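The values are calculated or read from the model by the stated rules, or taken from the named source; none is laboratory data. Everything numeric here is computed off the predicted structure, so don't read it as measured data. Every residue, glycine among them, receives a Cβ derived from its backbone with ideal geometry; neighbour counts consider all protein chains shown.
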Amino acid sequence: MQVKIIFDKLSLDEKFHTGWGVSFLIGDKVLFDTGEKGKWLIKNMENLKVEVDRLEAVVISHDHWDHTGGLWRILEENHHLKVYACPKFSKRFKNRVKSYNVQLIELDKFTRIADNIYTTGEISGRYAFRYMPEQALVLETSNGLTIFTGCAHPGIIKIIENVKQNISGRIFLVLGGFHLGGKHEKTIIQIVNEFRQLGVGKVAPTHCSGKNASKIFKEEYGDNFIEVKVGQIIEV
């Protein structure tokens, strides 16, 4: 299946907008996160020939502006969407989604949401000394499992372990924010080693993963390291 990189901090071409946050399109019907700004997200989708009205679901990893920023523009253009959220997202976020008269679905456990697509449901994390609920998305293909993360506030290893506890199969790829910016090199090396122990075949750290972490992952994974850029189409 194809995964299109709709939003991130690097791009293949100047015609694409870049910024903070991520947005990945799985197939042509499920969008994971929406980046920081709706106008930019829509323009990138147009350049990638993605039709907003074909979307069936948007999965929001966590309730931060750089992951929800483009959602409102999407909801203005598509009133038939299902929006998947965590139960402990803010009331402000939930009420705003409901104001568009779309279906808001809150999941606290691993759940199938489409053919071969699953959400982990709410996983507990911490951000700025506060509870941070977050979910990851899982795609099952003949190559194995691909895990998509927004920021991995619960911990990237905790997320991978959660997936392995809920669905069988080799982990083909982990793609998204690993939240390792500013982490000590020894910590990053330990996490890279745990990726190997967990059987992760390919890695694509982006967004909040940090330059140092990306460098160390690239050194370890070599040809199985993917540098993520807006406009990319990745086969998984």
So for the stretch 137-147 (the condition being closer than 17 Å to V192 by Cβ, touching a strand residue (DSSP E or B) at 6+ places or on another chain (Cβ under 6 Å), outside any strand (DSSP E or B) and touching a residue at least 24 places away in the same chain (Cβ under 8 Å)), does at least one residue qualify? no
G121 vs (1) free of Cβ contacts under 8 Å to residues at least 40 places away in the same chain; (2) assigned to a loop (DSSP other than H, G, I, E, B); (3) touching a helix residue (DSSP H, G or I) at 6+ places or on another chain (Cβ under 8 Å): all pass except (3)
Taking into account only those residues within the stretch 100-128 that are among the basic types (K, R) and either touching a strand residue (DSSP E or B) at 6+ places or on another chain (Cβ under 7 Å) or at pLDDT below 95 (or both), which is nearest to L25 (Cα to Cα)? R112
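Could you tell me how many of the residues in the stretch 83-94 are in a helix (DSSP H, G or I) and under 13 Å from L55 (Cα atoms)? Show your work before the answer.
From the stretch 83-94, those in a helix (DSSP H, G or I) are 91-94; that's our starting set.
This time we only want the ones that are under 13 Å from L55 (Cα atoms), so: none.
Residues in the stretch 83-94 being in a helix (DSSP H, G or I) and under 13 Å from L55 (Cα atoms): 0 in total.
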Can you spot a residue in the stretch 186-200 that is closer than 26 Å to A57 by Cβ and of a type in the set (A, V, I, L, M, F, W, C)? yes
Going through the stretch 58-74 one residue at a time, which ones are farther than 15 Å from F89 by Cα and either in contact (Cβ under 8 Å) with a residue 60 or more places away in the chain or surrounded by fewer than 22 Cβ atoms within 10 Å (Cβ to Cβ) (or both)? G70, W72, R73
Of all residues in the stretch 41-82 being aliphatic (A, V, I, L, M), in contact with a Gly (Cβ under 8 Å, 6 or more places away or on another chain) and assigned to a helix (DSSP H, G or I), the one that is farthest from A136 (Cα to Cα): I42
When you look at V230, is it farther than 20 Å from T141 by Cα, aliphatic (A, V, I, L, M) and either touching a Leu at 6+ places or on another chain (Cβ under 7 Å) or surrounded by fewer than 14 Cβ atoms within 10 Å (Cβ to Cβ) (or both), yes or no? yes
